[in-house]
Amino acid sequence: MLKKFDPNIMAFLCNWCSYAGADLTGTSHFHYPPNLKAIRVMCTGRINPLMVAAAFRHGADGVLISGCHPGECHYMEGNYLARRKIFVFRNLLEFVGINPERLQMSWVSASEGKKFSNVVKEITEKIKKLGPLTTFDE
Amino acid sequence: MTENPYLPRRAKIESIKQETTGERIIKTFAVVIEDQAYRERFQHKPGQCAMLGINGVGESMISIASSPTNKEFLNFSVMKLGKVTSAIHELEAGDLITIRGPYGNNFPLDEWYQKNIITIGGGIGQAPLRSIIQYVLDKKGEFGGLDIIYGARTTADLCYREDHFQTEQSVFWQRRNVRVHLSIDVPEAGWDRFVGVVPDNLLRLKPSPENAIAITCGPPVMIKFVIKNLLALGFKDEQIYTTLENRMKCGIGKCGRCNVGSFYVCKDGPVFSYARLKNLPEKG
Amino acid sequence: MEHFLLEKNRLNEFLSALRNYEVFAPVRKVGLTVFELITNPKEAMLDLKNQPQSPKRVIFPQSEILLVFDKNNAAKEPKGRVGQKPQVVFGVRPCDARGFHMLDPVFEREYPDPYYLQKRQSTLLVGFHCSEPYPNCFCTSVGGNPSSPEGLDILLTDLGEQYFLEVITSKGEQVAKEGAAVLSSPTSQQQTEKEKLSGMAPQKIRRTIDTEGIASKIEKHFDHSLWRELSGKCISCGICTYTCPTCHCFDIQDERVRGRANRLRIWDSCMFPEYTLHASGHNPRPTRTERLKNRMYHKFKQNIDLYGVPGCVGCGRCITLCPENVDLVANLKVIKNL
Amino acid sequence: MDKEKLVNEAKAVFSREDVACLIGYGKDSIGFRVSPIFIRTRDEADQLFFSPLCSLSLVNYLTLEKGVLLEGNKETGGEKIAIVARGCDSRALIQLFAERGIPREQVVILGVPCRGTIDLKKIEGKFPDARNCTEVTEAEGMYYIRFDNESHEVPKEELLADHCKHCAFPNPLVYDVLLEDLVDSKGAAYSDIEEMEKMALEERHEYWKDKFARCLRCYACRNACPLCYCDDCILERVSPQWVNRSVNLSENLMFHLARSYHLAGRCAGCGECERVCPVNLPLMLLNRKLEKDIKNIFEYTAGSNLDDKPLFASFNPKDPNDFIF
């Protein structure tokens, strides 16, 4: 019997919004799939897409990057810079044959516990449909 | 097929002593090889090195800082610098480490019978010299006098401090012609010994070249000036020894990177007489 | 040893007969000729002209697992080649076969290296007389010859419609036995033809350098300012070392990926600054000048000191593939004329 | 190009400016090869030449070994560096001025309007036995090639380097001396990239797998690149180690993702990475794919304007947002 695919999803959450949002999800008892492994970063702007590639290399089937809504970055513009970088990196992934849907981004504020749980649910479903990432298996 | 030279053996860390509290932290590890057969085969001579490692992190070539007359354990003084040495510094007494060796050549002790030994060390460079110092102290009848010249940047950077102080103040050793000359580079309150760099301390002490062997180890620039001063004091090329270091990976003369001229430091070194060293095209 | 004749159109049959071997042969990939394990003899491309890489990697792979660490972090040796089929490398140029002769003492002496030696001992080299050398070939200047059997187990010479097959070693004899069904005996005329071709081969080598005395010149002029000029073009990439049949330097690294932890040996290059960089930040060979000098020193002085021969087989790859045209032969000439 | 004009202008630069070193093209001893040469005195300038064979970029020599050339010449006391630069090279220079803070006035640029250069692999493949090439000129879509005792005419299309076929900046964008009249520019062309974009994801993956599996990780693509100048490259760090040293498909893919991404919004299009690759990886496809997207979406072209802020240090509130939850 085929083992059910349980995806590994790596999340990079910004300290000021999304990490607090994820916290709120927990304290508000909103459920979300346990596939997500979160790493707190100070700002999405400090995320180097190489961290995303490394997550894939080390076994992630999908990656989520989540930060403050546009205009609400604690450091004024970190999330705008992240958006550009991630947009370009998604295009690069697609060009070498990796489905860009495996790299997701969301804006979740500290008060959006419900949204965070929905984002995680939706992304987990997406990655489940895509199946395991085998590109970095060797 | 013969034994796999890359296969390390497990060794247990018996104790750890933090030597320095300065900018660069040095710890001395006392380790015992677990496998009895390998432990018995691991017969090192003063001057040799061994590969210490942590499986999954990597290996580093470290001088053996204890004398073979010490049958209880092996000493390694490790400075926290790169990936592997940083991981080794995280270990605690009772933890396991890996070891393979011993590697390299050694000091030609047979040729030094009844000679006066002068060691001139700087910083972590005292580690390989410690093996010969301990050996000479343990086999005092085989050698003449022993002068230990050692310096570091500050008192916080001095290795084996208590050992040196004890030997320095011991009447027992003074009667047996063992003298310790410590120095630090910059003045410090409470320091009544020499202040200045090691080559200057050497010039001040003016050890006699007669029937003497001088061994030096330390930063490249210190070695350079120590050799210059030794020559000025009348030492012959054949009386001067140094131990070199280079980046190493295999330890057995295959990976290529540690060569100085046509010699591999890991296999043909680390001990070089100045007579041999001065003919090499690049000096490490 | 024995001589045979192999009809060219029966080459595939000959390769197919080697059932007891894993056959490596040059194959065409992405416009390049590379040595790979073949399953179908038709894949073999006996184009000896364009081999940017030597077959060195069949015996000394670019990355190789030395040790496997288990869950308790205990080190185990990976399964070696013991018990597996022996390998045949087909289509080796004589210079590349000599390259293995240069690698052998490095891995054999003092601390025998089981990883290299196991593969070396179970690998057989079938070479081709090199009838059309590269423009940058200079094997005859470093003790080689385009028709040399040195280091090979079998040597083939192209006679037009047939290959003249010489068995050089007893390992080669075994292969000849397996393929005996498609081999015949050469006529004395064919024997003469083969000898004639061998005699002509060295004349086709167009680049030459008299290496006599180079070692002492390199040593004598070690601190000469000219080295800086020679290395001015170099960009410190690893092409010359990675394509060299005699370069053997490697790095050892522990890697953890997805719960697997291994200690690996990976080719390294003396052209990289990191190669000699101490953890303290001190680098005994900090610039391209010292690194390029060291490479030439290693090949033409150190190797002679250690093993009695220059560590170069004159394949010319480092010249042909150098992106900035650092020309070993030209550089040697400059040193020679100092 | 007229050699005399080039040599005279180079000599004039030496007379006029305080130049420590001029980096230019010189003919090599073998076949069609061209080498970088470093001219330190006025008289040495006679060795300079330029032809369609000059396919290599000289800009990376400005930053090699922490910019050793930029330190000036202690013997002659000269301080500036002069460099022969084509359109793509001038873009790389603009990027360097902006990123590295190299003062513009420290570099004397001899600009060469470029009609495209010959791929050495192609011409050596066509004439493998050529020993001494004496002349290559271009006229009306043909190359006229002389070597040894032969002369040949070859259609330009056959020998032109691939990245030159799509060049949108043949003319130097910044220069102190212009060595020839400006040439017409076709504008950027991305037809090959668009073709690849039409492929299915899996198909494209297979395509790259086949390529990356060949990579030797010799770092030539990085070292030859005029814009890969970091003293401490992320691809070589061990702690943290982003890319392992193992040479296998996964690590090679990591390497190339990192390399091409680091050139996003910076690549000058000189094609050095592709030119130097010993295993013929089509690396410019990756660079040009990003160049195309960045141009279309962010209206940004690397090295086109001395005053531009770096792509990833700037943003527009209206940047694409529809991929975000």
Response to the item:
The number of residues in the range B:1-33 that are surrounded by fewer than 18 Cβ atoms within 10 Å (Cβ to Cβ) and over 20 Å from B:Gly58 (Cβ atoms) is 11
Worksheet item: Only one of D:Glu299, D:Glu251 is in contact with a strand residue (DSSP E or B) (Cβ under 9 Å, 6 or more places away or on another chain) and either more than 7 Å from every other protein chain (Cβ to nearest Cβ) or of a type in the set (Val, Ile, Thr) (or both); which?
Response: D:Glu251
Discussion item. Condition first: within 19 Å of A:Gly97 (Cβ to Cβ), among the polar types (S, T, N, Q) and either within 18 Å of the chain's Cα centre (by Cα) or crowded, with 23+ Cβ neighbours inside 10 Å (or both). Can you find one or more residues in the range D:241-258 that meet it?
Written reply: yes
Worksheet item: Pairs, please: C-beta under 7 Å, at least 6 apart or cross-chain, first residue on the phi < 0 side of the Ramachandran plot and among the aromatic types (Phe, Trp, Tyr) and in the range D:233-254, second surrounded by fewer than 18 Cβ atoms within 10 Å (Cβ to Cβ) and assigned to a loop (DSSP other than H, G, I, E, B)?
Response: D:Trp242/D:Ile234
Worksheet item: Going by the conditions given, is C:Asp104 farther than 25 Å from B:Ile99 by Cα, within 14 Å of chain B (Cβ to nearest Cβ) and charged (D, E, K, R)?
Response: yes
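Can you give me the number of residues within the range A:106-133 that are among the polar types (S, T, N, Q) and facing chain D (nearest Cβ under 10 Å)?
The qualifying residues number 2.
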Worksheet, complete the sentence: Here the residues within the range D:280-301 that are in a loop (DSSP other than H, G, I, E, B) and in contact with a helix residue (DSSP H, G or I) (Cβ under 6 Å, 6 or more places away or on another chain) are D:Leu281, D:Tyr300, D:Thr301
Discussion item. When you check C:Glu290 against the structure, is it within 26 Å of D:Arg237 (Cα to Cα) and in a helix (DSSP H, G or I), yes or no?
Written reply: yes
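Residue-by-condition table, conditions (1) more than 13 Å from chain D (Cβ to nearest Cβ); (2) under 30 Å from D:Glu202 (Cα atoms); (3) touching a residue at least 12 places away in the same chain (Cβ under 8 Å); (4) outside any loop (DSSP other than H, G, I, E, B):
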position	(1), (2), (3), (4)
A:Phe30	yes, no, yes, no
A:Ala53	no, yes, no, yes
A:Leu64	no, yes, yes, yes
A:His74	yes, no, yes, no
Worksheet item: Is there a residue in the range B:161-181 that is in a helix (DSSP H, G or I) and surrounded by 20 or more Cβ atoms within 10 Å (Cβ to Cβ)?
Response: no
Item to complete: Provide a single number: the residues in the range C:296-338 that are within 14 Å of chain D (Cβ to nearest Cβ) and either of a type in the set (Gly, Ala, Ser) or in a helix (DSSP H, G or I) (or both).
Response: 13
Fill in: Number of the condition not met by B:Ala87 [criteria: (1) within 14 Å of chain C (Cβ to nearest Cβ); (2) without any contact (Cβ under 8 Å) to a residue 24 or more places away in the chain]
(2)
Worksheet entry | Unique residue being under 21 Å from C:Ser170 (Cα atoms), in contact with a Ser or Thr (Cβ under 9 Å, 6 or more places away or on another chain) and either at the interface with another protein chain (Cβ under 9 Å from one of its Cβ atoms) or of a type in the set (S, T, N, Q) (or both) when the list is C:Gln118, C:Gln87 | C:Gln87
Worksheet item: Which of the residues spanning the range B:1-36 are hydrophobic (A, V, I, L, M, F, W, C) and in a strand (DSSP E or B)?
Response: B:Ala11, B:Ile13, B:Ile16, B:Ile26, B:Phe29, B:Ala30, B:Val31, B:Val32, B:Ile33
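Take the conditions buried (at least 19 other Cβ atoms within 10 Å of the Cβ) and in the same structural domain as D:Met142 (by TED's automatic domain parsing) and apply them to D:Thr41. Does it pass?
Answer is no for this residue.
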Response to the item:
Residues of the range B:233-247 being assigned to a loop (DSSP other than H, G, I, E, B) and under 15 Å from the mean Cα position of the chain (by Cα), in sequence order, are B:Leu244, B:Glu245, B:Asn246
Worksheet item: Counting only residues that are within 18 Å of D:Lys66 (Cβ to Cβ) and in a loop (DSSP other than H, G, I, E, B), which one in the range C:243-277 is farthest from the other protein chains (Cβ to nearest Cβ)?
Response: C:Met271
Response to the item:
Just one listed residue, out of B:Phe76, B:Phe107, is under 30 Å from B:His181 (Cβ atoms), at pLDDT 95 or above and buried (at least 23 other Cβ atoms within 10 Å of the Cβ), and it is B:Phe76
Discussion item. So, B:Asp192, is that one out of contact with any helix residue (DSSP H, G or I) (no Cβ under 6 Å at 6 or more places or on another chain), part of a loop (DSSP other than H, G, I, E, B) and over 28 Å from B:Tyr113 (Cβ atoms) or not?
Written reply: yes
Worksheet item: How many of the residues in the range B:61-90 are under 15 Å from the mean Cα position of the chain (by Cα) and of a type in the set (S, T, N, Q)?
Response: 5
Worksheet, complete the sentence: Residues of the range C:9-21 being out of contact with any helix residue (DSSP H, G or I) (no Cβ under 7 Å at 6 or more places or on another chain) and surrounded by 14 or more Cβ atoms within 10 Å (Cβ to Cβ), in sequence order, are C:Leu11, C:Tyr21
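Give the residue that is surrounded by the most Cβ atoms within 10 Å (Cβ to Cβ), with candidates limited to residues of the range D:117-138 that are over 16 Å from C:Tyr134 (Cβ atoms) and at pLDDT below 90. I'd like the intermediate steps shown before the answer.
Residues of the range D:117-138 over 16 Å from C:Tyr134 (Cβ atoms): D:117-119, D:122, D:132-138.
Subsequent filtering for residues that are at pLDDT below 90 retains D:132-135.
Details: D:Asn132: 13, D:Cys133: 22, D:Thr134: 11, D:Glu135: 11.
Among those residues, the one meeting the criterion is D:Cys133.
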Discussion item. So A:Phe95 ticks every box in (1) surrounded by fewer than 22 Cβ atoms within 10 Å (Cβ to Cβ); (2) facing another protein chain (nearest Cβ under 7 Å) but one. Which box is left unticked?
Written reply: (1)
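Let's see how each residue does on (1) outside the structural domain of C:Val142 (by TED's automatic domain parsing); (2) of a type in the set (D, E, K, R); (3) crowded, with 20+ Cβ neighbours inside 10 Å:
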{"site": "C:Asn283", "(1), (2), (3)": "yes, no, no"}
{"site": "C:Arg288", "(1), (2), (3)": "yes, yes, yes"}
{"site": "C:Lys293", "(1), (2), (3)": "yes, yes, yes"}
{"site": "C:Leu306", "(1), (2), (3)": "yes, no, no"}
{"site": "C:Gly311", "(1), (2), (3)": "yes, no, yes"}
{"site": "C:Arg317", "(1), (2), (3)": "yes, yes, yes"}
Discussion item. So for the range C:44-59 (the condition being assigned by TED's automatic domain parsing to the domain that holds C:His129, at pLDDT 90 or above, under 30 Å from C:Arg258 (Cα atoms) and not charged (D, E, K, R)), does at least one residue qualify?
Written reply: yes
Item to complete: Specify the residue that is farthest from the other protein chains (Cβ to nearest Cβ); the eligible residues are those in the range C:22-50 that are in contact (Cβ under 8 Å) with a residue 60 or more places away in the chain and crowded, with 21+ Cβ neighbours inside 10 Å.
Response: C:Val23
Worksheet, complete the sentence: Counting only residues in the range B:44-62 that are within 14 Å of another protein chain (Cβ to nearest Cβ) and of a type outside the set (A, V, I, L, M), the one surrounded by the fewest Cβ atoms within 10 Å (Cβ to Cβ) is identified as B:Gly56
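The values are calculated or read from the model by the stated rules, or taken from the named source; none is laboratory data. All figures in this text were calculated on a predicted structure; none of them were measured in a lab. Methodologically, a virtual Cβ is constructed for each residue, glycine included, from the backbone with ideal geometry; neighbour enumeration extends over all protein chains shown.
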